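The values are calculated or read from the model by the stated rules, or taken from the named source; none is laboratory data. Quantities reported herein were computed from a predicted structural model and do not represent experimental measurements. Cβ coordinates were reconstructed from backbone atoms using ideal geometry, including for glycine residues, and neighbour counts include every protein chain displayed.
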């Protein structure tokens with residue numbers, strides 16, 4: 001079967017339709033928001049690009065977390081810490097050796113070396129944490145991962161490591177001031193000198209900028225769209241990789257460990273080694289997703305890796321449903337669109353449509369107007385403190401999910417154990433029972449007969 005046929009078959013599956021349908025719905029919603037706010041065509045396209053960017057990065061991280069928690073049952077609440085390890089390693093490996101005055105020196109290596117190094121260090125950090133901590137029960141293991149993430153963040157924030165020397169090489173974290181990120185590699189597609197735009201554009205850049213400029217999209221937006229498309233490409237690779245892992249003998253062992261580790265161990269599986277490998281792989285994928293997200297910023301600081309970021313990623317996975325790769329993507333998109341960016345646009349619409357006046361400074365002043373049947377002060381106060389109230393909204397959504405849909409949108413689905421769905425063959429034959437005397441059907445899959453999957 002050709003790649004075109006495989007792509008067509010995938011697009012016709014229910015999972016693909018669900019993911020595309022969610023994104024189309026979000027695009028329609030935010031197009032309406034942009035129209036109400038009076039945005040022009042470029043403004044609406046920029047809004048949709050931002051929604052796609054955040055949906056992609058949250059989906060990437062939710063997929064990596066789903067490998068650990070959804071498949072192996074490893075509760076990792078230190079996601080932000082492993083992201084920080086990879087992003088800072090990448091920045092220190094690629095920072096110039098001769099940094100300008102006040103800058104942070106590094107090793108001056110190519111960016112691809114920095115990315116691989118960041119993923120490797122994140123995986124090693126995951127192994128260091130998992131090796132002793134896996135002797136603990138799930139809740140204690142989660143506390144260890146949270147403590148590790150906070151140790152990492154505080155270490156990168158410490159003045160002691162602002163600059164230091166290793167084997168004669170100067171490098172550092174920049175402490176609270178942060179460390180500059182490497183130049184976005186996408187810029188090299190469009191500019192002859194990415195650090196100096198005035199040096200001119202490449203032939204490809206001139207052609208693309210000219211085409212998009214004719215419809216009102218500026219150069220910065222074109223670069224952002226290109227980077228977002230690359231994110232989508234990596235999201236597809238993550239999805240395919242984790243789906244293959246889930247349907248492999250390795251993945252079936254992980255599901256057995258999640259359901260009952262004692263039974264898996266009694267069947268001869270070294271469950272501890274399976275969990276360590278899974279945790280290391282998940283941390284490497286989290287690190288790469290962190291590089292794609294935070295590494296695209298001009299400056300990397302410890303404040304980008306707070307425990308709240310881990311909480312957001314868990315919410316995205318819970319919305320979609322732990323144990324489902326499709327649910328992870330849908331959960332990331334819904335969280336980014338409806339909970340992360342949605343309240344901001346709703347507040348802008350309310351401020352545009354209604355004249356609420358100056359917001360009160362305190363909550364008692366805001367509710368005092370209700371005695372006079374005036375809701376404007378409370379609305380104005382709510383909109384002015386939306387950043388804090390967003391946490392309240394997320395908490396309410398989490399409570400609702402725990403009460404009404406604890407398994408998430410797709411967490412209730414049962415995934416087949418074999419890598420190939422044999423239900424069509426069963427339906428054709430009219431019975432799942434093989435004919436008498438048939439010991440092993442030619443279509444049976446390795447592992448379906450209970451053979452050792454090691």
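Residues of segment 303-314 being surrounded by fewer than 23 Cβ atoms within 10 Å (Cβ to Cβ) and either in contact with a helix residue (DSSP H, G or I) (Cβ under 6 Å, 6 or more places away or on another chain) or in a strand (DSSP E or B) (or both), which ones?
304, 309
Need the failing condition index for residue 27 against (1) over 22 Å from residue 216 (Cα atoms); (2) modelled with pLDDT of 90 or more; (3) surrounded by fewer than 24 Cβ atoms within 10 Å (Cβ to Cβ), just the number.
(1)
What are the residues in segment 261-299 that are assigned to a helix (DSSP H, G or I), over 16 Å from the mean Cα position of the chain (by Cα) and more than 21 Å from residue 130 (Cα to Cα), if any?
263, 266
Would you confirm, using the coordinates I've provided, whether residue 106 is closer than 13 Å to residue 90 by Cβ, in contact (Cβ under 8 Å) with a residue 60 or more places away in the chain and touching a strand residue (DSSP E or B) at 6+ places or on another chain (Cβ under 9 Å)?
On the way: closer than 13 Å to residue 90 by Cβ: yes; in contact (Cβ under 8 Å) with a residue 60 or more places away in the chain: yes; touching a strand residue (DSSP E or B) at 6+ places or on another chain (Cβ under 9 Å): yes.
Answer is yes for this residue.
I'd like to verify a number: residues in segment 71-102 that are in contact with a helix residue (DSSP H, G or I) (Cβ under 7 Å, 6 or more places away or on another chain), part of a helix (DSSP H, G or I) and crowded, with 24+ Cβ neighbours inside 10 Å, how many? Can you show your working first?
Let us first name the residues in segment 71-102 that are in contact with a helix residue (DSSP H, G or I) (Cβ under 7 Å, 6 or more places away or on another chain), namely 71-90, 93-94.
Next, only the ones that are part of a helix (DSSP H, G or I) stay: 71, 79-90, 93-94.
Narrowing the set further to residues that are crowded, with 24+ Cβ neighbours inside 10 Å leaves 71, 79-88, 90, 94.
The total comes to 13.
Regarding segment 109-122, can at least one residue be identified that is crowded, with 16+ Cβ neighbours inside 10 Å, under 25 Å from residue 223 (Cα atoms) and over 23 Å from the mean Cα position of the chain (by Cα)?
Yes - at least one qualifying residue is present in segment 109-122.
Out of segment 32-56, which residues are surrounded by fewer than 23 Cβ atoms within 10 Å (Cβ to Cβ) and farther than 23 Å from residue 219 by Cβ?
Within segment 32-56, 32, 33, 35, 36, 37, 38 qualify.
Quick one: which helices (runs of 4 or more DSSP H) lie wholly within segment 187-260 and hold at least 1 residues that are in contact with a strand residue (DSSP E or B) (Cβ under 7 Å, 6 or more places away or on another chain)?
Values: elements: 187-190, 203-213, 219-246, 249-259.
Because the criterion is at least 1 residues that are in contact with a strand residue (DSSP E or B) (Cβ under 7 Å, 6 or more places away or on another chain), the helices (runs of 4 or more DSSP H) in segment 187-260 that meet it are 187-190, 203-213.
Among the residues of segment 216-226, how many are surrounded by fewer than 18 Cβ atoms within 10 Å (Cβ to Cβ) and within 29 Å of residue 324 (Cα to Cα)?
1
Go through segment 34-70 residue by residue and tally those that are more than 9 Å from the chain's Cα centre (by Cα) and assigned to a helix (DSSP H, G or I). So that I can check it myself, show each step before the final result.
Taking segment 34-70 as the starting set, the residues that turn out to be more than 9 Å from the chain's Cα centre (by Cα) are 34-53, 66-70.
Checking which are assigned to a helix (DSSP H, G or I) leaves us with 34-36, 41-53, 66-70.
The number of residues fulfilling the criteria is 21.
Could you tell me whether residue 195 is more than 30 Å from residue 134 (Cα to Cα), surrounded by fewer than 17 Cβ atoms within 10 Å (Cβ to Cβ) and out of contact with any helix residue (DSSP H, G or I) (no Cβ under 9 Å at 6 or more places or on another chain)? Write out each step before concluding.
Working: more than 30 Å from residue 134 (Cα to Cα): yes; surrounded by fewer than 17 Cβ atoms within 10 Å (Cβ to Cβ): yes; out of contact with any helix residue (DSSP H, G or I) (no Cβ under 9 Å at 6 or more places or on another chain): no.
The answer is no for residue 195.
From the list 174, 200, 213, pick out the single residue that is surrounded by fewer than 16 Cβ atoms within 10 Å (Cβ to Cβ), on the phi > 0 side of the Ramachandran plot and out of contact with any helix residue (DSSP H, G or I) (no Cβ under 6 Å at 6 or more places or on another chain).
On the way: 174 fails: surrounded by fewer than 16 Cβ atoms within 10 Å (Cβ to Cβ); 213 fails: on the phi > 0 side of the Ramachandran plot.
So the residue among 174, 200, 213 that is surrounded by fewer than 16 Cβ atoms within 10 Å (Cβ to Cβ), on the phi > 0 side of the Ramachandran plot and out of contact with any helix residue (DSSP H, G or I) (no Cβ under 6 Å at 6 or more places or on another chain) is 200.
So residue 251 clears everything in (1) touching a residue at least 40 places away in the same chain (Cβ under 8 Å); (2) farther than 23 Å from residue 86 by Cβ; (3) surrounded by fewer than 22 Cβ atoms within 10 Å (Cβ to Cβ) except one condition, right? Which one?
Evaluating residue 251 over (1) touching a residue at least 40 places away in the same chain (Cβ under 8 Å); (2) farther than 23 Å from residue 86 by Cβ; (3) surrounded by fewer than 22 Cβ atoms within 10 Å (Cβ to Cβ) leaves (3) as the failure.
Determine, yes or no, whether residue 322 is closer than 14 Å to residue 408 by Cβ and outside any helix (DSSP H, G or I). Spell out how you get there, then give the answer.
On the way: closer than 14 Å to residue 408 by Cβ: yes; outside any helix (DSSP H, G or I): yes.
Spelling it out, residue 322 is indeed closer than 14 Å to residue 408 by Cβ and outside any helix (DSSP H, G or I).
Restricting to segment 355-364, and then to whatever is modelled with pLDDT of 70 or more and either surrounded by 14 or more Cβ atoms within 10 Å (Cβ to Cβ) or over 21 Å from residue 390 (Cα atoms) (or both), can you tell me which residue is farthest from the chain's Cα centre (by Cα)?
Taking segment 355-364 first, the residues modelled with pLDDT of 70 or more are 358-364.
Subsequent filtering for residues that are either surrounded by 14 or more Cβ atoms within 10 Å (Cβ to Cβ) or over 21 Å from residue 390 (Cα atoms) (or both) retains 359-360.
Working: 359: 35, 360: 37 Å.
Taking the candidates together, the pick is 360.
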